[in-house]
Every structure is written in C-alpha cells, then in structure tokens.
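Quick notes on the structure that follows.
The values are calculated or read from the model by the stated rules, or taken from the named source; none is laboratory data. All of these numbers come straight from a predicted model, not from anything done at the bench. Note: ideal-geometry Cβ built from the backbone for every residue, glycine included; neighbour counts use all protein chains shown. These accessible areas exclude ligands, DNA and RNA; they are computed on the full protein's heavy atoms, side chains included. Shrake-Rupley method; radii C 1.70, N 1.55, O 1.52, S 1.80 Å.
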Amino acid sequence: MNPAMIPEGAHPLAATVARLVWLLPLLPLLGFLINGTLAMLGVAKIGPADPSANGGHGHGEVPGHADEHAHDDHGHPPRHKFAKIVSLVGPGVLVAAFALAVAIFAAMRGVEMEHPYLLTLFSWMPVGDLKLDATILLDPLSMTMVMVVTGVGMLIHVFSVGYMQDDPGYPRYFAYLNLFVFFMLLLVLGGSYPLLFVGWEGVGLCSYLLIGFWFSEKANADAGKKAFIMNRIGDFGFLVAMLLMFANFGTLDILGVAEQAAELPMGGVIATTIALFLFLGCTGKSAQIPLYTWLPDAMAGPTPVSALIHAATMVTAGVYLVARASGIFSMAPVAQLTVALVGAATAFFAATIGLKQWDIKKVLAYSTVSQLGYMFVAVGVGAYVAGIFHLVTHAFFKALLFLGSGSVIYVLHAAYHKTHNHDDAQDMRNMGGLRQYMPITFSLMWIATLAIAGIPLFSGFFSKDEILTSVFARISHSTLADASLLGMPGGTVLMIVYGLAVASALMTAIYMARMMLYTFHGPNRTGEGERPHLKEAPWVMTGPLVVLGALTAFGGWLNVPALLGAIGPVGGLEHFLEPVVGEAALRTTLGVAPHLPHSTELMLVGAAIFIAVAGIAFAVWRLKPAALVPRKDAPESTGIDRVLENKYFVDEGYAAAFVNPTVNASRTVLWKGFDAGIIDGLFVNGSALLARAFGWMGSQLQTGQVGTYAWVLLIGVITLLGAFTFR
Amino acid sequence: MIFDLANPSQLMQALGPDLLLIVGAIVLMLWAAWRPESDEHQRAVGRASLALVAATIAMTLWYSTRGMSSNVGVIAVDNFRWATDLICLLGAFGAIALGMEYNVRERILPAESHVLVLFATAGMMILAAARDLMIVFLGIELMSVAIYVLVGLNRRSPKAAEGSLKYFLLGAFATAFLLYGIALIYGSTGSTNLTEIGQRVVAGNFVAHPMMLAGTGLLLVGFGFKVAAAPFHMWAPDVYEGAPTPITAFMATAVKAAAFATFLRVWLEALPGMGDAWFTPIWWLAAVAMFVGNTVALSQRNLKRLLAYSSIAHSGYLLVAVATGTLGGSAAFLFYLVAYTLASYGAFAVVIAVGREGDANNDLSDYEGLWHVRPGLAIAMAVFMLSLMGFPIFGGIGFFGKWYLLMAAIEAPRPLTTLAVVLVLTSVVSAGYYLNVVRVMFMKARPDGAADPERTGSLTRGVVYATAVAILVLGLVPSRVIGWSRAGVPRAPQIQAASVDAPR
C-alpha cells in the first residue's frame, strides 16, 4: 500500500508526527502477514500424516498440554519451530504501534484540537454522486480509543507470550490477534461509516476465529458460530442505518452526517430510525439485550482473547459508535432513552446471573455484559464523556481481572496436568485459598475488584459515579425528560434507569467479592496431590498484570470530578473530548452544562460508596468459603439458584424459538417438504392421473422428478401471468 | 466509428469477435473429430481452444476501446455488449482450463467437449449483441443446445445423464414460453426489434394491453428459467450436481451472465414503458429467489448443491438490479456479475481440487480440516465464501458488489427500500451456510483416515489462485472495475432518455 497522501496542510497536526497515523493500523497488519506466513509454513510441514498435532487442546483452558489420554507423559509437545520469531513479531508490532500512538498523543496535546485531523489515503469507491475516500479521522475520541487499543493490547500480547507459547497453533494465534488489532484500529480511525463498518466486520471475524481457536471441542466452534451469527443480526441494523443515512443525507462521512443531522428536526422520525438501527448494531457487537448470549459463550476462547476482545476493546465498539454518532443520537431522545433503558436492563439482568456462576470466566463474562450496560446508560443519556471514561477504566480493570483469572487457570491447569487429574480448572469450587500460593495475582485482583465495585479513589469509582450522577442530573431539565418512551415520561424512564443502575452496582460488589472469596480465601479445595504445584505464573504473565494494576488504581485521575478537585486536575478527559462530543452533549441538556446542587451530589456519592461497601460486606458476611465443597462433590442446585446458574435459560429459549424452527423449516418444510414432499406427494405419487398427463415425457422420467419440476414451473407461470393480468 | 448495419459487410465487421470465435470453433471441431479419442488429443484441442478464446478476448478488448457504435439494427454495438462478452469469454476460458484436467481424472475422452464450450460461448456472444427478439432466441438456443450436451458429457455417470435430460426437457418447456412470449409481443407491437418495440409501447400505450401483458409475462418466464430464479429454479440443483464440475461452473457464471445481460437489455430497451406492469412481478421474483435460495442452501451438505442454491440466491440479488430499471442499476448489475463470476469460479475450482474420481468427495465432511492439509486451498475457499457473502476486505470485491446493488436500489426513481432490506436480511441468513464451510475447513480436525486431496493440477490451481487474488486486489481498488461497469451500461442513443426514468 502506497498511500497517495493528501495531507490537509491547514491542520496544525499535519506538521507533526501525526501525519504518520496511517502507520498505526499498518503495523499490526504487517505482524499479521508475517505470523500468518509462518503459520502456513508451519502447517504445511506438519502435513496430513499428523493431524493430531493440533489435537491437544481438548481440555478447556491451557493449550499445549497435549492429549493426556493419548500419550501419558509429562513432556510438553515441542514448541512451534517459529515460536521465537513469533514471540518477537507479535508483541513487537504492538509495542511499535503503542509508541507511535504515544508520540501522536503528545503531538495532539501540543496543538489546539478544535477540528479533527483528516488524512485521505486513497480514493476508495465512487458511488453515483457519493465519492468515498479511505480517510482516517484523528480526533481526541479516536485518540483515546487508539491509546486503549494499542496500550492494553500491547500488555495482553505480552501476556499471551507466556500463556500460549506451548500451543502448536502459536503463530496462527498471533496472526489472528494482530489482525484483530488492525481491524480495531480501522474501526476507531475510520473517517466514514463504511470504513468503520469494514473494521466492525473485521473484528467480528477475528473474534469468531479466536473463539474457535481450540476447535477440537465442538462447543468452541459452536460458540464462535453463535457469536458470528448474533453479530450478523446486529450488522444488519448497522447496514440499514447506513442506507438510511445515505438516502437522507447523501453522504456517509462521519463529519458530514453529523453536520446534516444537526439540521434535522429534534426528535424526528429520520434521526430516531437511524439511531435505533445503529443501536441494533451495537446490541450485537456489545452484547446487550437481546443479543448478549454470545459473549459468555465466547469465553471458550483463550483467556487473553477474552481480555482483549471480549472485555477491553471489541465489545466496547458499540459504545464508541454511539459516541461517534452522538450528532444523530442527540437529535433523537426516544432512541437515547431506549439505549439507556436497554443498557440499564442489561446491566441489572447480567449482574443477577453473575451472582450464581461457578465458572470464574463466566462470572467475569456476565460482569462484562453488565458493565457494558453501564456504558450504554452513560452514552444513552448523552453523557458521552462518562461513557468513554468508564470504557477506559473498564478496559484497565477488566483486562486485569481476565488476565489474573487466566493466571489462576493456567496454574491450576498445570497442577492438574502434573497429577493427571481431569477436574475443571475454571470452576471456583476447585479453587480456594490461592492467596498463599499466588500473592501477587491475589493482591492485584483485589485492586481490580475494589475498582469495579466502586470503592473510592480506585478508577472504577470515578467513572461509575460520574455515570450515576449524569443520569440523575438529566431526570429534569433535558430533552430526555421532555420526551417519552412507550407512553412513559422520560423522567420516569430515567428514574428506572437510575434505580436499575444502583441495584446492579450493589450486585456487582457482591458477585465480585464472592468470586474473590471463593478463589483466593478459605481453605484450598484443589486437591492434596496438586497443592505442591500451585505457584505464581511466570513473570512474562505477571508483569503485564502489575502494569494494569497501577492503571486500575490510578486511572481515575484521568477525569477527576469537580467535587474532589482537591486531589488532582479536574475533568481532564472532559476537556480533551469536548471538541468531539461537547456540542451533542449540550444539546441533550438544553444548552447548559448539567449542574446538581453540592449537597445532592455529595449525597449521591455517599450513597454510591455505601452501596459498594455494603455489597462487599454482605458478601463477606454471608458467604462462607469454608463451607464449599469441590465441584465433583457438589449437589445439584435447585430453585432460583438453578435458574440463575442456567442464565434464565435464555439460550434454550432462543434455540427453541428461533434457531431450531429456522433449521427445521429449512430442512423439512422448504427442502424435503416443499421441493420433495408436497409437490412430489401431491402431484406425482399421489395422483397417477396427473402423472399420466405428463406421460409424453417418458415413463422413466416420472420416477425422477422432472414432472414435478415442470409442475412447479407451470405454477410459477400461472402465478406470474396472474400478477401481470390482475393488478 | 459508426456501423451501418444495413450494409452486409459492415454488419460482418460489427460481428467481428463473434465470427472469429464461431469460425475458429468450427475448424477446431473438425480437428477434434479427426483423431481418435485420447487424453493427449483432448488436451491439445483444449490448448487450442484456450488460444482461440484468448484471441477473441483480445479482439473484443480491441473493439471495446475503439468507441464504436451503430445505427438501429438487429445487433447492438455498445460497451454493454463488450462487457458481457468479456465476462462470458473469461467463463469459457476457465471452463476449458478446468475441463482439461477434470476430464483426464474423470476419463472423459471426447475432445469435442471444449469445442462445445466454444459454441455455447458463441451463443452467449450473440445473446449479448442481440437487439432483436429473433436474435435473442437464436442466441439462447445456440447456447442451450451446446449446454444440454455438455451436461451429459460424462456418459458413465447416471447423474449426468439424468441432469442432461432434465435440463433438456425443462429447457424445451421454458423455451416454448419464451417463444410464445416473443410471438405475443410481435403480435401486439408488430415488431421484434427492441428499439422499435420500446417506441411503440410508449406510443401505443400498451401497458393495459392483455396480449402485450401476457407476452411480457411469458418472456419473463423464459428468462427466469435461464437465470434459475425461483420458482423456475427447480432444475438447477440437480443439473448443477450432475454436470461435470467445470461445466457447472460455466453454467453458474457465463450462462447466467449471458441470460441476465439479455434479460436486462430487453427490459431496458424494449419494455421500460411496461414498467408499471412488470415492476411488481420482478420485485417478487427477486424476493422469492433470495429467500428460497438462501434458506434452502442452509440444509445442503453437498457442495455443488449448496453452490447451486447459492447461485439461485444470487439470481435474486441480480434481479434487484433489473427491478431498478435504471442505468445505475445496470452498472451495479455488471459490477456484481464480475464479483459473482470470480467467486463462483473459484469456489467450483476448489470443488474440483478437493473432489475425486467419479465426482466424489463433494460432501461438506470432505472439507473438514482442509486447512491442515491444503492451507492454500482452504484460504482461497474462505475468500470465495466470504466474497459470495459480501464480506468486506476478505470478501474483496464481493462486498462492493452488494454495496452497489443496495445503493442502486435506494437511488432508483421508485426506491426499492423494502427489497434492499430483504437483500440485507437474506444475506445475513446466507452467512449461515457460507460461514459453515469456512468453519468446517478451519475449525475441525481432519477426520481420522481421511485421505489427502490429490495433487491439484496446475491449471486448476491457476484458476483458484488467480480468482482469489483478483477478488482481493479488486476489493482494495474497485474503482477501475466501477468505471468499467459504468461505461458498460446499454447505450442506444435514442433509448437512453426513455430508460433513465423508466419505471414511473
């Protein structure tokens, strides 16, 4: 690719390192090409004689511990012969990309960012009157996302070196991971909706490939398929939204659309429809009701993938999209209320499921769904900065939690492997008391837990509090309060949203404390034989955890609220993002910055702190890790526990309501039934008379179906002529 | 240069590429019959046929760059014709290249097989040029008769014989409708010339004329059959499955392209005045084809059948372009045809590469873990599947094909918003089976004891990788093909005005 660059010389960034922004996505793409080539070369060498070379990942989590049943030895299979190069290239391109991102960020801080920096790479596709270029849009919002994607991405890449290096598919893994980062950067840097959509689809594909990475288990491949299909339903919404934008605005540039949207009537049909279809896209990508069930299943993939794609970056793309399209959303209060309500409902619903999960990754998965709901609440009520702020802090603490759980699973799995035990390395009933064996992981994960629960001064406290305050502030005096959703006044809807959000905050504190108690406290339930093998994971894995721990602890300083102005600079992120989302945010609050009386604000913060502390205290008081028994001895649960453990049986419901009927209809009705059954039975076998009428076709042919086909053709002719004649 | 078609020598010149192909094919046929059947002879005739097709492509390209046109006559001299010719000729090239190796494996000896492809292609080129319903009929018959024989080429295969006979019988049935439709249209308007029909329909206000309506309807049936649009699709899966795979690829792409091109020309040049009458039927044909093709494909296990249903669905997509009735629609149509042809060709070439003697190994289970034994083929197949699905970047040009269709549908004077939504929705469904192929290849282990695919012949490999690379490269820089398809819309000067705002 040799971009014929047309630098928009007028922009102050054009003279800085920011003109190299096109290198950002290119670096991981390069990594993908190198690792992909190595993967192909490696595969060709293994060849057909040894298909089981990939068969070793049968046991859930940690790869590389080749099939215990097949060859009963402790030896690892030989590392991939290109493992060294891959370990260098895979994380290397991310380090380079992050360094570049930091340089661009520094340059951006040095100039006045009133207008976004547009860099046209090449003419992409001309459609009729519309000319679409491949354009990069660099503004504070995309910069923030780029920092998260490359920064957190870099740490997770490094962690993966430790976690995955014994896997036979090691180069393929990094190829996918690099490719994912490429598409993610394309998504956040795309200057037009179609380009954003390319990234949007691409990350979906990579997620699909990575969920199914250990494909020897059917469940994994199925989970991948489910993720892809649910995402396609969402993408349908995105596509329709784009068509509507084009039909109404005649442009698909992000800036052009925002400009045109501002001239629409407030709350008009066009803006509302476009916003709702866009949001349908978001529900797929960001796992919101009703399209959320794929995300917990996606935990079948390697844990670093869960951390990067299914917690920190890809699933937040929906939040980014709403913030990106804030120009449209802010013109459609009904759509905004829908977003907020769906987000709040998801947050609440997923949190209840999280209360009763035993699989440590499933707890985190439902927690992610729930936290994503929070972000949608924020962007839904027009508090875009709060939403992005929570996106950033969540990327820190959730990546830390996932990687920490990855360490735990890694260690447990290694222990079980050494003793030839086939217990579940992800079930918390098999953990307990790990605090003494993994002290670093233990303390780091507690930091993340306190952050997500909203304990003051940890990052999650600031962002969650800002969301709650924003919702409260818009209950009166905002376009949302004046609108109504399904006959319910907007103010009431927002109160429900607020209530649901507070309730989920309480549950978040409970289930996170529960997870920590069961994993790290109490007596150890792993097993006598395994206990000597429990120890901290290697430094290549623990190192990234420490960095994330620091970010989790101090990330809140990015955007300190005015109330706590004493501890640091107020509203850093707020000022940074102001040029992008400021106008849209003000539109929702009727032109004045939302302001709550000091006392109200103090009360809200106090309540939030109380809830967080109460949740943790409740968990410590009620849950007794000592009373737990290992999974194999645990009784079947009953009643509400069973419903929660089975996630309200939503998956089963979907299968019964949508999936099975479609497949069956296709199989029985359309193919066997219509093509072969009805027509065959009715016209051929059932009616000898009709068959004879076609006797001229030769008696042999009637056993074939040519007569049938002729009948269908004739029916088609009659219908068609009917359509022409009787109009 | 403007050809005067009333002057025989200029008419001959205007038919230059067609005549080159026909004369060459006749010579090759004599040569093919001259020697006893053998693999060597078959290959030799194949090579000569490839050379002839290449020469015809060169001549067509040369013609297309000279900016020729003609007065009103029985044949068209315009870029739409050259564009269609090129698609069909590329299809023929692929079919012959794949056939040379496939025929050896399946022990199909007759060297005439390649010549028959040439004859069928000659029929397509005549179709592409036809500006008179009689020429349309001539072209369709010339093309179809050759295809009937080609389907039954493998005399040892009962499936092939069955498919051939079925196609022949049903084709005869459908041709009867087509011919009857032509007769009725002639009866109403007193002409078979597309341009004249177009003028008389407008002048005589034939929209409510029963004979003209019936004629248009029957013509639609005839074309619907040739392009395998539901509900006239019933033959396609059986015939596609039974025919030798290179011929299946040829039918799914070149035959469909030629039939569709004629369809579009007749509709844009002769019948825009009937827009009110045909709009709703074509709308429904498109919707039904998209729905039936995509849903039934979900339960297919045999790759050839799966691709057959997929091709029915793609007929539905292309019918959306016909339904727009605009020049923008026909540009999108040509572009889509290029994308679809490349992807289908590649997919069938992979089917050949994975298949075994006796047309075996076409089941989805034979593709399990293909990545582990033939990573190149697996990646190429993934590109074809994603392209057919309309996926960006990895689907290359396929994404733009869908994109342009959607844009054309939205921008049409009578916006086809609902149809566009149906298109998007059914392509969501199509992910269910296209993606399944990708999943099977990449995410399943190779079954124990599954033999490796045989060594892929160099020609087959060439087709696979050339199409895959073309899809990806054109997907990055589609503007060249876009410009090409824009230039390629039917341009009869006196008609343009009428067809721009056709269906009001």
Report, by residue number, each residue of segment A:244-279 that is assigned to a helix (DSSP H, G or I) and either in contact with a Cys (Cβ under 6 Å, 6 or more places away or on another chain) or under 18 Å from A:Gly190 (Cα atoms) (or both). A:Met245, A:Phe246, A:Ile254, A:Leu255, A:Gly256, A:Val257, A:Ala258, A:Glu259, A:Leu278
B:Ala420 fails exactly one of the following numbered conditions: (1) at the interface with chain A (Cβ under 9 Å from one of its Cβ atoms); (2) modelled with pLDDT under 80. What is the number of that condition? (2)
Kindly indicate whether B:Ile352 is out of contact with any Phe, Trp or Tyr (no Cβ under 6 Å at 6 or more places or on another chain) and either within 13 Å of chain A (Cβ to nearest Cβ) or of a type in the set (A, V, I, L, M) (or both). no
Matching helices (runs of 4 or more DSSP H) fully within segment A:327-428 where at least 2 residues are surrounded by fewer than 24 Cβ atoms within 10 Å (Cβ to Cβ) and aliphatic (A, V, I, L, M): A:333-354, A:384-418
Single residue of B:Leu28, B:Leu52, B:Leu61 found to be open to solvent by 60 Å² or more (accessible area, probe 1.4 Å) and not acidic (Asp, Glu): B:Leu61
Which of the numbered conditions does B:Ile282 fail, given that it passes all the others? Conditions: (1) more than 14 Å from every other protein chain (Cβ to nearest Cβ); (2) under 23 Å from B:Gly390 (Cα atoms); (3) at pLDDT below 90. (1)
Test B:Phe348 against the criterion of being in contact (Cβ under 8 Å) with a residue 60 or more places away in the chain and either more than 16 Å from the chain's Cα centre (by Cα) or more than 16 Å from B:Ile87 (Cβ to Cβ) (or both), and give yes or no. no
Across segment A:431-457, what is the number of residues that are open to solvent by less than 10 Å² (accessible area, probe 1.4 Å), at negative phi and not in a helix (DSSP H, G or I)? 2
Yes/no for B:Ser49 being small (Gly, Ala, Ser) and closer than 18 Å to B:Gly91 by Cα: yes
Which listed residue, of A:Leu604, A:Leu573, A:Leu563, is in a helix (DSSP H, G or I), under 28 Å from the mean Cα position of the chain (by Cα) and not small (Gly, Ala, Ser): A:Leu573
Segment B:156-230: helices (runs of 4 or more DSSP H) wholly inside it with 2 or more residues that are within 11 Å of another protein chain (Cβ to nearest Cβ) and more than 14 Å from B:Phe137 (Cα to Cα) are B:158-189, B:210-226
Considering every residue within segment B:436-456, establish whether at least one is under 30 Å from A:Val240 (Cβ atoms) and either away from chain A (no Cβ under 11 Å) or surrounded by fewer than 17 Cβ atoms within 10 Å (Cβ to Cβ) (or both). yes
When B:Ala323 is evaluated against the numbered criteria (1) farther than 17 Å from B:Ala243 by Cβ; (2) open to solvent by 10 Å² or more (accessible area, probe 1.4 Å); (3) in a helix (DSSP H, G or I), which criterion, by number, is the only one it fails? (2)
Would you be able to tell me the number of residues in segment A:484-535 that are charged (D, E, K, R) and assigned to a helix (DSSP H, G or I)? 2
Residue in segment B:243-264 that is touching a helix residue (DSSP H, G or I) at 6+ places or on another chain (Cβ under 9 Å), in contact (Cβ under 8 Å) with a residue 60 or more places away in the chain and within 13 Å of chain A (Cβ to nearest Cβ) present: no
Note: among A:Glu652, A:Glu583, A:Glu601, A:Glu636, just one is at pLDDT 80 or above, open to solvent by 50 Å² or more (accessible area, probe 1.4 Å) and of a type in the set (Asp, Glu), namely A:Glu583
Can A:Lys218 be described as within 17 Å of B:Ser427 (Cα to Cα), at pLDDT below 80 and either at the interface with chain B (Cβ under 9 Å from one of its Cβ atoms) or open to solvent by 20 Å² or more (accessible area, probe 1.4 Å) (or both)? no
If a residue must be open to solvent by 10 Å² or more (accessible area, probe 1.4 Å), touching a residue at least 24 places away in the same chain (Cβ under 8 Å) and not small (Gly, Ala, Ser), how many such residues does segment A:266-278 contain? 6
Inspect segment B:367-377 for any residue being of a type outside the set (Val, Ile, Thr), within 15 Å of B:Lys304 (Cβ to Cβ) and either more than 20 Å from the chain's Cα centre (by Cα) or modelled with pLDDT of 85 or more (or both) and give the result as yes or no. yes
When only residues in segment B:285-330 that are more than 11 Å from every other protein chain (Cβ to nearest Cβ) and of a type in the set (S, T, N, Q) count, which is farthest from the chain's Cα centre (by Cα)? B:Asn302
Quick one: how many residues across segment B:117-174 are surrounded by fewer than 23 Cβ atoms within 10 Å (Cβ to Cβ), under 19 Å from B:Trp267 (Cβ atoms) and either in contact with a His (Cβ under 7 Å, 6 or more places away or on another chain) or basic (Lys, Arg) (or both)? 0
